[in-house]
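Undergrad: Take this structure first; my questions come after.
Every number here is computed from the coordinates shown, using simple stated rules; none is lab data. From a predicted model like this one, the values you see are computed outputs, not experimental measurements. Neighbour counts are summed over all protein chains in view; Cβ atoms, including those assigned to glycine, are modelled from backbone coordinates with ideal geometry.
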Amino acid sequence: MFPGYNTNGFAHHRLDDALRILADLGYEGVALTLDVHHLDPFAPDFPASLARTRALLDRLGLRTVVETGARFLLDPYRKHQPTLLSAAPEGRARRLDFLTRAADAAHALGSDALSFWSGAPDDDAPTDVLLDRLADGCHRLLDHAAALGGRGVRLAFEPEPGMFIDSLARFETLLARVNNPLFGLTIDVGHLHCLGELPIADHIRRCAGRLANVHIEDMRRGVHDHLMFGEGEIAFEPVLTALAGSGYASGVYVELSRHSHDAVTAARRSLAFLRAAWPTWPPEPPPDEQRPPRG
């Protein structure tokens, strides 16, 4: 496994600059959140932008996952709407269109996975109806992902506090309806702690066969607020030990979107903390004057 950083924590940087900075700091992967300012999938030049980004990622030696958590990309008035749960079929279709574009991007970039979540319902439909809507969207996305070249694109579904699928237990309910080899899991370490799914290490070991993507940050029990490491309650060494012991071999991506105002410092501090918690990760890079040019 290797350390990575989510570009939603560099919201005030040009994407190319963010990628170069993260490579310079010593990160080996980036979680690319498609957004209005970073690889907008609805922009006319999206295919060309993907090609340029792939070339830069290759030069920098960065692996990727594609993330789909942009807040206002689909609706400028409503955060994270519409979703695969939306009451209106056209809303569900708009979310699915975005997710298929994101799968295309993950394929073009050679990404390890495409990460997405359920969102929250916008009506009071019964649970079974909501599960049917969500499972239908997941099946349609899986069909698209499987049809892409090579091995297709691995999906990584993320349970998130406040959303319809908020916990690993709810994820397993969905998994009973969407059991496909390409349908994987994103575990957010902070989310497990927030919802009291403890010990975190036990859940990691139990879900190892399905695990395709990992988010990491500090958090407090019962409060969904992504915190800088050391400001919450999580003990990280057992978490990282469990990940390594489970055979997980992809990115562990820091997610601090609300720290974009101090992105470079946050990214540097995060990697220093993770190196101290898991010393086998890459050593600190040399000072600026000793580094070769990047990109």
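Undergrad: Karplus couplings for region 218-225 from phi (6.51 cos²θ - 1.76 cosθ + 1.60, θ = phi - 60°), rounded to Hz, Gly and Pro as x?
TA: So the J values, rounded to whole Hz, are 8, 6, 10, 4, x, 10, 7, 9.
Undergrad: Something else about it: Which residue, Phe72, Gly119, Pro89, has the largest displacement toward the positive end of the dipole of region 50-122 when charges sit on each Cβ (Lys, Arg +1; Asp, Glu -1)?
TA: Phe72
Undergrad: With a bin width of 5 angstrom, please list the P(r) values of region 96-135 as percents of all Cα-Cα pairs, from the 0 bin to the one holding the largest distance.
TA: For region 96-135, the binned pair fractions read 6, 19, 23, 17, 13, 11, 8, 3 percent.
Undergrad: Quick one: what are the phi-derived ³J(HN,Hα) couplings along region 168-184, Karplus 6.51/-1.76/1.60 with θ = phi - 60°, whole Hz, x for glycine and proline?
TA: Result, rounded to whole Hz: 5, 5, 5, 4, 5, 5, 5, 4, 5, 9, 10, 9, 9, x, 7, 8, x.
Undergrad: Write out the trypsin sites (Lys or Arg not before Pro) in region 1-68 meeting two conditions: DSSP loop, and at most 16 other Cβ atoms within 10 Å of their Cβ.
TA: Numbers: sites: Arg14, Arg20, Arg52, Arg54, Arg59, Arg63; in loops: Arg14.
Within region 1-68, the qualifying trypsin sites (Lys or Arg not before Pro) (loop, at most 16 other Cβ atoms within 10 Å) are Arg14.
Undergrad: Under 5 Å between amide hydrogens, which residues at least 5 positions from Val254 or on another chain qualify, with H placed 1.01 Å from N in the peptide plane?
TA: Residues meeting the criterion, in which the H sits 1.01 Å from N, are Gly4, Tyr5, Asn6, Ile216.
Undergrad: Between His224 and Ala48, what is the label-point separation in nm under the 7 Å Cα-to-beta-carbon projection?
TA: 3.9
Undergrad: While we're looking at this one, here's another question. How much length is gained if the chain between Arg14 and Thr127 is pulled fully straight, taking 0.36 nm per residue apart and subtracting their Cα-Cα distance, in nm to one decimal? Walk me through the numbers on the way to the answer.
TA: Values: separation 113, 0.36 × 113 = 40.68 nm, distance 4.10 nm.
36.6 nm is the gain from fully extending Arg14 to Thr127.
Undergrad: Looking at the square roots a ≥ b ≥ c of the eigenvalues of the Cα gyration tensor of the chain, which shape do they give, rounded for a/c under 1.5, prolate if a/b is larger than b/c, or oblate?
TA: On the way: a/c = 1.63, a/b = 1.23, b/c = 1.32.
Oblate, because a/c is 1.5 or more while a/b does not exceed b/c.
Undergrad: Which ³J(HN,Hα) values in Hz, rounded to whole numbers, follow from the phi angles of region 235-247 under the Karplus curve 6.51 cos²θ - 1.76 cosθ + 1.60, where θ = phi - 60° and Gly and Pro get x?
TA: Computed from phi, the couplings for region 235-247 are 8, 8, 4, x, 5, 5, 4, 5, 4, 5, x, 7, x Hz.
Undergrad: In addition: In whole percent, what relative contact order does the chain give with Cα contacts below 8 Å and a gap of six or more residues? Intermediate values should be presented prior to the final figure.
TA: Numbers: 530 pairs, mean separation 64.1, N = 295.
Once normalised by length, the contact order is 22 percent.
Undergrad: Still on this structure, please answer the following. Given a Förster radius of 30 Å and the C-beta distance between Leu198 and His261 as r, what FRET efficiency does 1/(1 + (r/R0)^6) yield to the nearest 0.05?
TA: Working: r = 31 Å, r/R0 = 1.05.
So, using R0 = 30 Å, E works out to roughly 0.45.
Undergrad: OK, next. Just from its helices, what would the mean residue ellipticity at 222 nm be for the chain, if runs of 4 or more DSSP H residues each count -39500 (n - 2.57) and the sum is divided by every residue, rounded to the nearest 500 deg cm²/dmol?
TA: Details: 9 runs with 114 residues, N = 295.
-12000 deg cm²/dmol, from helical runs alone.
Undergrad: Continuing with the same structure: Between region 168-197 and region 56-135, what's the alpha-carbon centroid distance in Å?
TA: About 16 Å separates the Cα centre of region 168-197 from the one of region 56-135.
Undergrad: For region 165-274, what does the relative contact order come out to in percent, with C-alpha contacts under 8 Å and a separation of six or more?
TA: Values: 131 pairs, mean separation 26.8, N = 110.
Worked out over region 165-274, it gives 24 percent.
Undergrad: Please give me the summed charge of the neighbours of Leu274: other residues whose Cβ is under 14 Å from its Cβ, Lys and Arg +1, Asp and Glu -1. Each step should come with its number before you reach the end.
TA: Working: positive: Arg268, Arg269, Arg275; negative: Glu28, Glu217, Asp218, Glu237, Glu255, Glu284.
Net charge around Leu274: -3.
Undergrad: Moving to a separate point now. Find, among the trypsin sites (Lys or Arg not before Pro) in region 73-134, those assigned to loop by DSSP (not H, G, I, E, B) with at most 14 other beta-carbon atoms within 10 angstrom.
TA: Working: sites: Arg78, Lys79, Arg92, Arg94, Arg95, Arg101, Arg133; in loops: Arg78, Lys79.
Filter output for region 73-134: Arg78, Lys79.
Undergrad: Follow-up. Determine, for Phe116, Phe42, the number of other Cβ atoms within 10 Å of each Cβ, and report the residues in order from fewest to most.
TA: The order, fewest Cβ neighbours first, is Phe42, Phe116.
Undergrad: Amide H to amide H under 5 Å from Val65: which residues, 5+ apart in sequence or cross-chain, H placed 1.01 Å off N in plane?
TA: The answer is Val30, Ala31, Leu32, Asp112.
Undergrad: Would you mind calculating the gained length between Glu172 and Tyr77 on full extension (0.36 nm times residue separation, minus the Cα-Cα distance), in nm to one decimal?
TA: Numbers: separation 95, 0.36 × 95 = 34.20 nm, distance 3.18 nm.
Going from the current span to full extension adds 31.0 nm.
Undergrad: By how many nm would the segment from Glu233 to Glu284 lengthen if fully extended, with 0.36 nm per residue of separation less the alpha-carbon distance? Display every interim value, and only then the final one.
TA: Numbers: separation 51, 0.36 × 51 = 18.36 nm, distance 2.56 nm.
Using 0.36 nm per residue and subtracting the Cα-Cα distance, I get 15.8 nm.
Undergrad: Still on this structure, please answer the following. Within the set of other residues whose C-beta is less than 12 Å from the C-beta of Leu39, count the net charge using Lys and Arg as +1 and Asp and Glu as -1. List each step's numbers first, then the result.
TA: Numbers: positive: Arg14, Arg52, Arg54, Arg101; negative: Asp16, Asp35, Asp40, Asp45, Glu67, Asp104.
After counting each charged neighbour, the total is -2.
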